[in-house]
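Notes for the one structure printed next.
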Amino acid sequence: MDFKVDAEFQERLDWMNRFVREEVEPLDLLFPTDGAPYDVENTKARALLRPLQQQVKEHGLWACHLSPSLGGKGYGQLKLAFMNEILGRSHWAPTVFGTAAPDTGNAEILAMFGTTEQKARYLQPLLDGKIVSTFSMTEPQAGADPKEFTCSASREGDQWIIDGEKWYSSNARYAAFFIVMAVTDPQAAPHERLSMLVVPAETPGITVLRNVAGMNETEEHGIHAHIRYDRVRVPADAILGGPGQGFKVAQARLGGGRIHHAMRTVGQCNRALEMMLERAVSRRTQGRLLGDHQFVQGLIADSAIELEQFRLLVLKTAWMIDNEPHGAARTHIGMCKVAMAKVYQDIARRAVHLHGALGTSRDTPLGTMYMGAPMLAVADGPTEVHKVQIAKALLRGAKPAPGPFPTEHIPTKRAAALSRYAHVLNSPDPESPL
Ligand SMILES: Cc1cc2nc3c(=O)[nH]c(=O)nc-3n(C[C@H](O)[C@H](O)[C@H](O)COP(=O)(O)OP(=O)(O)OC[C@H]3O[C@@H](n4cnc5c(N)ncnc54)[C@H](O)[C@@H]3O)c2cc1C
């Protein structure tokens with residue numbers, strides 16, 4: 001495995017690094033709410049955003065996750081890993097670079113499964129950054145297990161009628177269209193019951209019951225919509241990928257999203273570690289710098305070790321996606337998803353703690369990071385579900401022991417070793433055995 005970066009690409013990364021810190025991070029301070037980058041009606045924010053996006057395009061770095069056929073660079077995941085580490089520093093950066101979730105995932109499935117008409121109507125303006133979209137899958141009574149979903153879509157003539165409720169549909173208040181996962185065949189096998197439908201936001205029958213706020217937001221800034229779909233009618237061709245393909249489409253969408261979140265989380269962890277280091281060499285107690293106290297050194301060392309392990313796991317996974325057959329990295333993507341939430345939570349907590357009262361305030365980015373970690377452990381599937389998948393994949397390759405004792409049973413292996421070298425061990429002249 002080779003994680004080397006060539007000189008030309010390194011120059012691009014250096015430019016990105018400067019640009020994000022100097023030009024983009026100010027937007028995080030001026031428009032700090034979770035939903036701000038998606039608010040297409042905020043004219044002041046858009047007036048600042050457009051020229052920044054233009055600079056990104058001029059540097060050939062717009063929407064780099066896309067294939068060349070969709071206007072991207074066709075960069076592999078390894079290059080995207082280095083880029084996303086930089087973008088991860090800033091909440092606005094993914095929007096400035098045309099790589100903001102959930103639009104990236106929605107664009108991917110429209111590109112993969114969409115009809116020509118769907119691509120023209122939804123995909124192109126999404127890729128151009130002109131509109132934003134929502135993925136509407138989770139329900140109030142069920143999230144991690146799609147088999148529990150009840151929101152349905154049934155055929156009446158040449159239309160689908162959608163009925164039910166969805167929960168935590170992020171950015172619905174700003175979205176031009178929703179991709180809704182609905183039960184289209186309740187009697188089918190579990191993985192063929194569901195379909196995806198593309199629904200314009202203005203379709204009659206859609207009611208946003210409430211915009212739920214994340215724990216780091218005030219209620220007025222909630223962006224996660226609880227939605228009621230009340231006999232919402234869409235044409236038969238609103239289906240994405242065909243009836244019963246909802247599960248397959250959802251899987252295609254979530255793989256890329258998870259690894260890109262992990263890449264950006266490396267950037268956030270780096271930022272927290274940088275802050276810890278600065279604090280440790282800036283503040284004194286008991287006649288010494290914080291960094292001269294061994295407890296503090298322990299916090300720093302643990303954070304650096306965990307971050308390095310996590311980063312290497314992400315880079316290896318990216319390399320596997322680029323170099324191994326399709327699907328070979330699935331287990332590793334799950335590992336990144338699990339590790340991301342744990343490492344981020346541990347490093348953010350230590351950084352908050354090392355900053356004392358200041359760390360617990362809203363005066364640094366650390367509080368937002370700390371509150372973001374539990375969300376990473378739940379969004380795109382809870383940690384437990386991924387751990388189960390990882391373990392099952394490993395167990396599939398495991399073989400039972402040949403007898404009552406494990407293959408590593410020392411007495412059994414010792415007997416085999418004695419037998420293997422008996423000719424030497426039992427020889428009266430070990431230097432020249434029989
Ligand atoms: C920030 C954020 C943004 C989101 N955006 C969207 C969005 O745009 N669109 C959308 O549709 N959804 C979205 N979600 C919802 C997300 O997909 C769900 O939260 C997730 O699938 C988990 O579902 P749930 O919240 O219903 O939790 P549940 O499924 O109720 O799980 C709750 C807990 O139960 C335990 N658990 C669950 N399953 C198992 C299992 N198999 N084994 C052992 N323990 C288990 C775990 O501890 C888990 O955390 C978002 C969530 C977050 C946090």
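The values are calculated or read from the model by the stated rules, or taken from the named source; none is laboratory data. This one's a predicted model, so the numbers in the text were calculated from it and none came from an experiment. Cβ sites come from the backbone with ideal geometry, for glycine too, and all protein chains shown count toward neighbours. Areas reflect the complete protein model, heavy atoms only, side chains present, ligands, DNA and RNA absent. Shrake-Rupley method; radii C 1.70, N 1.55, O 1.52, S 1.80 Å.
Would you confirm whether any residue within the stretch 166-175 is within 16 Å of the ligand (Cβ to nearest atom) and either β-branched (Val, Ile, Thr) or over 23 Å from the mean Cα position of the chain (by Cα) (or both)?
Among the residues of the stretch 166-175, not one is within 16 Å of the ligand (Cβ to nearest atom) and either β-branched (Val, Ile, Thr) or over 23 Å from the mean Cα position of the chain (by Cα) (or both), which makes the answer no.
Find the helices (runs of 4 or more DSSP H) located wholly in the stretch 349-399 whose residues include 2 or more that are surrounded by 13 or more Cβ atoms within 10 Å (Cβ to Cβ), within 11 Å of the ligand (Cβ to nearest atom) and basic (Lys, Arg), and list them.
Answer list for the stretch 349-399: none.
Restricting to the stretch 105-131, name every residue that is polar (S, T, N, Q), over 19 Å from the mean Cα position of the chain (by Cα) and buried (at least 17 other Cβ atoms within 10 Å of the Cβ).
Just the residues of the stretch 105-131 that are polar (S, T, N, Q), to begin with: 106, 115-116, 118, 124.
If we keep only those that are over 19 Å from the mean Cα position of the chain (by Cα) as well, we get 115-116, 118, 124.
Across the stretch 105-131, the qualifying residue is only GLN118.
Identify, by number, the condition in (1) within 25 Å of ILE179 (Cβ to Cβ); (2) in contact with a Cys (Cβ under 7 Å, 6 or more places away or on another chain) that PHE113 doesn't meet.
PHE113 satisfies every listed condition except (2).
Which condition breaks for HIS260 when tested against (1) surrounded by fewer than 19 Cβ atoms within 10 Å (Cβ to Cβ); (2) of a type outside the set (Asp, Glu); (3) within 16 Å of the ligand (Cβ to nearest atom)?
The failed condition is (1).
Considering only residues that are of a type in the set (A, V, I, L, M, F, W, C), open to solvent by 100 Å² or more (accessible area, probe 1.4 Å) and outside any loop (DSSP other than H, G, I, E, B), which ones fall in the stretch 400-434?
Correct list: ILE410, LEU425.
Return the only residue of GLY244, GLY256, GLY291 being modelled with pLDDT of 95 or more and under 19 Å from MET137 (Cα atoms).
Just a single option satisfies the conditions, and that option is GLY244.
Give me a count of the residues in the stretch 5-34 that are within 12 Å of MET83 (Cβ to Cβ), touching a helix residue (DSSP H, G or I) at 6+ places or on another chain (Cβ under 7 Å), of a type outside the set (Val, Ile, Thr) and open to solvent by 40 Å² or more (accessible area, probe 1.4 Å).
Count: 1.
Can you tell me which residue within the stretch 54-77, out of those that are farther than 27 Å from GLU274 by Cα and in a helix (DSSP H, G or I), is nearest to the ligand (Cβ to nearest atom)?
LEU70
Restrict the check to the stretch 229-251 and report whether at least one residue is in a strand (DSSP E or B), open to solvent by 30 Å² or more (accessible area, probe 1.4 Å), touching a residue at least 12 places away in the same chain (Cβ under 8 Å) and within 16 Å of the ligand (Cβ to nearest atom).
Among the residues of the stretch 229-251, not one is in a strand (DSSP E or B), open to solvent by 30 Å² or more (accessible area, probe 1.4 Å), touching a residue at least 12 places away in the same chain (Cβ under 8 Å) and within 16 Å of the ligand (Cβ to nearest atom), which makes the answer no.
Inspect all residues belonging to the stretch 330-338 and state whether any of them is away from the ligand (no atom under 13 Å from the Cβ) and polar (S, T, N, Q).
yes
Condition (residue is of a type in the set (Asp, Glu), away from the ligand (no atom under 16 Å from the Cβ), exposed (fewer than 15 other Cβ atoms within 10 Å of the Cβ) and in contact (Cβ under 8 Å) with a residue 24 or more places away in the chain) applied to the stretch 205-220: is it met by at least one residue?
no
Among the residues that make up the stretch 180-187, is at least one of them near the ligand (Cβ under 10 Å from one of its atoms) and surrounded by 14 or more Cβ atoms within 10 Å (Cβ to Cβ)?
yes
What are the pairs with Cβ atoms under 8 angstrom where one residue, in the stretch 362-381, is more than 13 Å from ASP34 (Cβ to Cβ) and the other, located anywhere, is near the ligand (Cβ under 8 Å from one of its atoms) and among the hydroxyl-bearing types (Ser, Thr, Tyr)? Sequence gap at least six, or different chains.
Note: pairs meeting the criteria are ALA377/THR383.
Would you confirm whether any residue within the stretch 215-223 is over 20 Å from the mean Cα position of the chain (by Cα) and either closer than 22 Å to MET83 by Cα or part of a strand (DSSP E or B) (or both)?
No, the stretch 215-223 has no match at all.
Kindly indicate whether ALA172 is more than 21 Å from GLY241 (Cα to Cα), crowded, with 21+ Cβ neighbours inside 10 Å and modelled with pLDDT of 95 or more.
Criteria met by ALA172.
Looking only at the stretch 274-293, filter to residues that are within 24 Å of TYR344 (Cβ to Cβ), without any contact (Cβ under 8 Å) to a residue 24 or more places away in the chain and part of a helix (DSSP H, G or I); which one of those is most open to solvent (accessible area, probe 1.4 Å)?
Here the residue is GLU278.
Tell me the residue from THR95, THR150 that is within 16 Å of the ligand (Cβ to nearest atom), crowded, with 20+ Cβ neighbours inside 10 Å, at pLDDT 95 or above and among the β-branched types (Val, Ile, Thr), please.
Selected residue: THR95, the only one of THR95, THR150 that is within 16 Å of the ligand (Cβ to nearest atom), crowded, with 20+ Cβ neighbours inside 10 Å, at pLDDT 95 or above and among the β-branched types (Val, Ile, Thr).
Can you tell me which residue in the stretch 335-348 is surrounded by the most Cβ atoms within 10 Å (Cβ to Cβ), limited to those that are under 15 Å from the mean Cα position of the chain (by Cα) and touching a residue at least 60 places away in the same chain (Cβ under 8 Å)?
LYS337
Please go through the stretch 118-144 and give me each residue that is of a type in the set (D, E, K, R) and either more than 11 Å from the ligand (Cβ to nearest atom) or modelled with pLDDT under 90 (or both), ordered by number. First the steps, then the outcome.
To start, the set of residues in the stretch 118-144 that are of a type in the set (D, E, K, R) comprises 119, 121, 128, 130, 139.
If the condition is that a residue be of a type in the set (D, E, K, R) and either more than 11 Å from the ligand (Cβ to nearest atom) or modelled with pLDDT under 90 (or both), then LYS119, ARG121, ASP128, LYS130 are the ones that fit.
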